[in-house]
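Every number in this text was worked out from the coordinates using simple rules, so none of it is lab data. All figures in this text were calculated on a predicted structure; none of them were measured in a lab. Reconstructed Cβ throughout: ideal geometry from the backbone, glycine too, with neighbour counts over all protein chains shown.
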Amino acid sequence: MGTFLIAIGSFVGFIVAYHTYGRWLSKKVFALDPNAVVPSCELEDGVDYVPSKKSIVFGHHFTSIAGTGPIVGPAIAVFWGWLPALLWVIFGSIFIGAVHDFGALVVSLRNRGQTVGEVAGRLISPRAKLLFLLVLFFALTIVLAIFGLVIAVIFKLYPESVLPVWVSLPIAIMIGRMIRGGTTNILPFAMVGLAAIYGCVWFGAYVMPISLDKIVGDNWPGEWNATLVWTLVLFVYCGIASVLPVSVLLQPRDYINSLQLYVALALLMVGLGIATLSGQADLFTSTPVYTGNELPQNSPPIAPFLFITIACGAVSGFHCLVSSGTSSKQISKETDAQAIGYGSMLLEGALAVMVILACCAGVGMGKFDRVAQGDGIFAPSKYVAAVGADEAAVVGTEAWRAKYQTAGEWKDFKLGAKVGAFVEGGGNFLSAVGIPLKLGIAIVAVLVACFAATTLDSATRLQRYVVQELGQTLYIKPLTNRYVATVFALALGFWIAWQPGAGGVRGTGGLLLWPLFGATNQLLAGLALMVTTFYLWRRNKPVWFVVLPMILMLVLPFWALMWQLTNLFNFQDKFMLSIVAIITLGLQVWMVVEAAIAWPRAKGVLEAKLPPLEKDKFSAADGRSC
C-alpha cells in the first residue's frame, strides 16, 4: 500500500504546487497578460510562427521536453536507491525545473519568440549571446547523439516497437491536414489514430516484430551494427521532419503522443494500485531505500551525479530550448504560458515518479527478463531461472539487484539494461491490469520510442536554429541556409553517436554519453536561469527564487564535468568527449564572468528594445489568426 501512496502523494503535491507556487509566478512575478500581443500572431508565417490552441501547444511542448529524458535518467539513478531519486524529482520539478521552463518561455514570449541565447545578448552582454549559442550547440550535439542511440537501442531490444512507431507518422500527418483544414475538434480523430497505433502495437508484438539482427544475421559490414543503422535512419527522418512546417508533422504527432502518454500513465497507475494492493509490488522490499556502499566499482558519487543523471524529470536545460525555440512561437495567448511552461514540467515530474516506481517495485515483480533470450540486457545468468518463454523466476530484491548491482565495474552497465528496467517494470504493472505481459512490454517500449522521437526531431529543429544563428553571428554564410545547417547538425550528432563504448563496439557508448549529456544539460539550465534572473533584475522584480536554483545548476554540472575529465574520460580513446567537456567548462566560466561584470549596473535598467518590424512584412493587426 505504501508504494501506491507514494505515487498518489507525489501527484497531489504537483497539483498543489501548480495552483499555489505556479499561480504566484504567473500573476505576481511575470504578470501574464491575456491581451498582450504574442510572437505567433505578430510574426505569423505558417512555418515556425503558428498561433495554436493551448491543448495543441501543451501536447507539443510536453512531449518535446519529456522524450526519454525522464525515463532514462531515473532508470539509471535508482541504482543509488529509490529515495534520493524520488526526492530530487519532486522538489527539483517544483522549485527548479518548472521555474526554469516557465521563465524561459515568458522571456521568449516578450522578445518576439527569440531563443534564450539571443535574449542573453541584450540582457547580459553581446558576447553572452555567442557564448550561450556555443553552449547550446555542444549541448544539442550530445542530445542528438544520446537520444538517437536510445531509440535505436529500443528498436534493437524490442523489435515489436518498430512498426507502430513508424506507422504513427502518416497518422500524424493526416491529423495535421485536418488541423490546417479548419477542423475544430480533432480529439475524436486523434483517438482513432491512437487506436490504430495500439492495433499496430499488437501486430508488432504477435505478428511482425522487425529485427535487423535477424534480417541481416552476422553479415554486418565493417563496424556497423543494428544500433548504428537505426540511428542513421532516425537521423535521416529527423532531417526531413525538422524542416517541415510545424503544423505538418511536429504538432499533430506530439498531440497524439501526449494522448498516448495520458493513456499509458493511467494504465500504469491503475496497474500499480492493483499490484500494490494485491501484494505483487512493494517498493520497500524490492529495492534499497539508499544503496550506500553497495555500488559497482568506480561508480560516480551520488553528489553531484544524482543531480545531473536525473536531468529531465527534475530540471533540464534542453527545456529552455523548447520553450524559447518552438513553443513561444505557437502560443496564442500569454496566459497559456503557466499551463504550458510550469504545468508541463510538473507532468514530466509525475512521469519520472512512475519510472522510479516501475524500475524498482515493477522490476521487483520479476516476471520478465530478456537476458534468457540473449538480448544483451545486463543480468547474470545465475539470477535467471526461466519458467517460460517470457518469464524468469526472479522476484523482489534479487530481481532488482540483478539489473543494478551485480556488475563488477560501472563500465559494465549497459544503457539498454536501464531503459529495459522501465519497459519491463512498466510491463509488469500493465500485466496487473490484465494486459498480456508480451503486449504490455510492447506498449511501454513504443511509448519510450515515440517520446524519444519527439525529442530527437525537436532537438534537430532547435539545433538548426542554433547553427543558423552561429553562422549569422560568425559570418559563415553556408551555415545560415536551413538545409546546410540541418545536415551539418545531424552529421556531427551521428559522429558522436559513432564513438565506441565499452569493449570498443560502436553505438554502445550511451551510458558513457549520458553523464556528459546530463552535465552540459544542467549547465544550460543554470545559464537559462541566469537570463531569467537578469530579465527580472532589470525590472526590479524579486529574483531570490531564481538565483538559488541558478547557483545550484552552475556548481553541480561544473563539479560533474571536472570529475568526468579526471576519472572517466581520457585523451586516448575518449578524445572527442574530453574536448567537448573542456570547451563547455571554459564557456561556462566565461559566461559567469560576463554576468558578474554586467550585474551591478543592470538593476532597474531595461535592456535595449528590439528594432521595429518591417510594416510591409508583419503586422499585429492585419486580420490573421489572432
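Which angle between 0 and 90 degrees, to the nearest 10, do you get for helix 544-567 versus the longest principal axis of the chain when only C-alpha atoms count?
The helix 544-567 is inclined about 50 degrees to the chain.
Report the Cα centroid-to-centroid distance between the stretch 202-235 and the stretch 441-494 in angstrom, as an integer.
Centre-to-centre distance over Cα atoms comes out at 23 Å.
Out of the stretch 238-344, which chymotrypsin sites (Phe, Trp or Tyr not before Pro) are coil in DSSP terms and have no more than 15 other C-beta atoms within 10 Å? Intermediate values should be presented prior to the final figure.
Values: sites: Y255, Y262, F284, Y290, F305, F307, F318, Y342; in loops: Y290.
Of the chymotrypsin sites (Phe, Trp or Tyr not before Pro), the ones in loops of the stretch 238-344 whose Cβ has at most 15 other Cβ atoms within 10 Å are Y290.
Which angle between 0 and 90 degrees, to the nearest 10, do you get for helix 82-92 versus the longest principal axis of the chain when only C-alpha atoms count?
On a 0 to 90 degree scale, this one is about 10.
Would you mind getting me the FRET efficiency between N35 and Y262? Use the beta-carbon distance for r and R0 = 30 Å, nearest 0.05.
Values: r = 31 Å, r/R0 = 1.04.
So the FRET efficiency works out to roughly 0.45.
How far, in nm, would the chain grow between F91 and F575 when pulled straight, counting 0.36 nm per residue and subtracting the alpha carbon separation?
Values: separation 484, 0.36 × 484 = 174.24 nm, distance 3.61 nm.
Answer, rounded to one decimal: 170.6 nm.
Note the angle between two axes, namely the Cα long axis of helix 344-357 and the longest principal axis of the Cα atoms of the chain, as a number of degrees from 0 to 90, rounded to the nearest 10.
20
Within the stretch 427-488, list the chymotrypsin sites (Phe, Trp or Tyr not before Pro) lying in a DSSP loop whose Cβ has at most 12 other Cβ atoms in a 10 Å radius. Spell out each step's value before the answer.
Details: sites: F429, F451, Y465, Y475, Y483, F488; in loops: Y475.
In loop regions of the stretch 427-488 (DSSP not H, G, I, E or B), the sparsely surrounded chymotrypsin sites (Phe, Trp or Tyr not before Pro) are Y475.
Here is the link list: K418/K477; K477/K541; K54/K541; K333/K477. Which ones come out longer than 31 Å on Cα distance?
Numbers: K418/K477 43 Å; K477/K541 40 Å; K54/K541 27 Å; K333/K477 35 Å.
The pairs that break the limit, which is 31 Å between Cα atoms, are K418/K477; K477/K541; K333/K477.
Report the full-extension gain for the segment V593 to T480: residue separation times 0.36 nm, less the Cα-Cα distance, to one decimal in nm.
So the chain would gain 37.8 nm between V593 and T480.
Stretched out fully, how many nm does the piece from L244 to W224 gain, at 0.36 nm a residue minus the Cα gap? Intermediate results must be reported in sequence, preceding the final value.
Numbers: separation 20, 0.36 × 20 = 7.20 nm, distance 2.98 nm.
Separation in residues times 0.36 nm, less the Cα-Cα distance, equals 4.2 nm.
Is the shape of the stretch 106-149 rounded, prolate or oblate, going by the alpha carbon gyration tensor and its root eigenvalues a ≥ b ≥ c, with a/c under 1.5 for rounded and a/b larger than b/c for prolate? Mind dumping the intermediate values first?
Details: a/c = 4.74, a/b = 1.75, b/c = 2.71.
Note, shape of the stretch 106-149 comes out oblate.
Roughly how many debye, to the nearest 20, is the charge dipole of the chain about its Cα centre, given +1 on each Lys and Arg Cβ, -1 on each Asp and Glu Cβ, and no other charges?
Details: 41 positive and 33 negative charges, 298 e Å.
Once rounded to the nearest 20, the dipole reads 1440 debye.
Determine Rg/Rh for the chain; Rg is computed over alpha-carbon atoms and Rh is the Kirkwood hydrodynamic estimate from the same atoms.
Working: Rg = 23.0 Å, Rh = 24.3 Å.
When Rh is taken as the Kirkwood radius, the ratio is 0.95.
Taking other Cβ within 10 Å of each residue's Cβ, how do C359, C200 sort, fewest first? Write down the numbers at each step before the final one.
Details: C359 32, C200 24.
If I rank by nearby Cβ atoms, fewest first, I get C200, C359.
For a footprinting-style exposure proxy, rank W224, W563, W514, W544 by other Cβ within 10 Å, fewest first. Please report the intermediate quantities before stating the final value.
Working: W224 14, W563 17, W514 24, W544 7.
Ordered by Cβ neighbours within 10 Å, fewest first: W544, W224, W563, W514.
Rounded, prolate or oblate: which fits the stretch 113-243 when a ≥ b ≥ c are the square roots of the eigenvalues of the alpha-carbon gyration tensor, with rounded for a/c under 1.5 and prolate only if a/b beats b/c? Walk me through the intermediate numbers first.
On the way: a/c = 3.41, a/b = 1.29, b/c = 2.65.
Verdict is oblate for the stretch 113-243.
Quick check for me: using +1 on Lys/Arg Cβ and -1 on Asp/Glu Cβ, what's the dipole size of the stretch 180-293 about its Cα centre, in debye to the nearest 20?
380
Would you mind ranking R177, R110 by Cβ crowding within 10 Å, fewest neighbours first?
Numbers: R177 13, R110 20.
The most exposed by this proxy come first: R177, R110.
Pick out, from Q472, M562, L133, the residue whose Cα sits farthest towards the positive end of the charge dipole of the chain, with +1 on the Cβ of Lys and Arg and -1 on the Cβ of Asp and Glu.
Ranked along the dipole, the leading option is Q472.
Take V207 and L169, extend 7 Å from each Cα along the Cα→Cβ direction, and tell me the distance between the two endpoints in nm.
Each label point lies 7 Å from its Cα, and together they span 2.1 nm.
Helix-derived [θ] at 222 nm for the chain: sum -39500 (n - 2.57) over DSSP H runs of at least 4, divide by residue count, nearest 500? The partial results should precede the final answer.
Values: 24 runs with 385 residues, N = 626.
That comes out to -20500 deg cm²/dmol.
Using a 10 Å Cβ count of at most 16 others and DSSP loop calls, identify the longest part of the chain lacking such GluC sites (Glu not before Pro).
Details: sites that count: E223, E294, E391, E607, E614.
By the stated rule (loop sites, at most 16 other Cβ atoms within 10 Å), 1-222.
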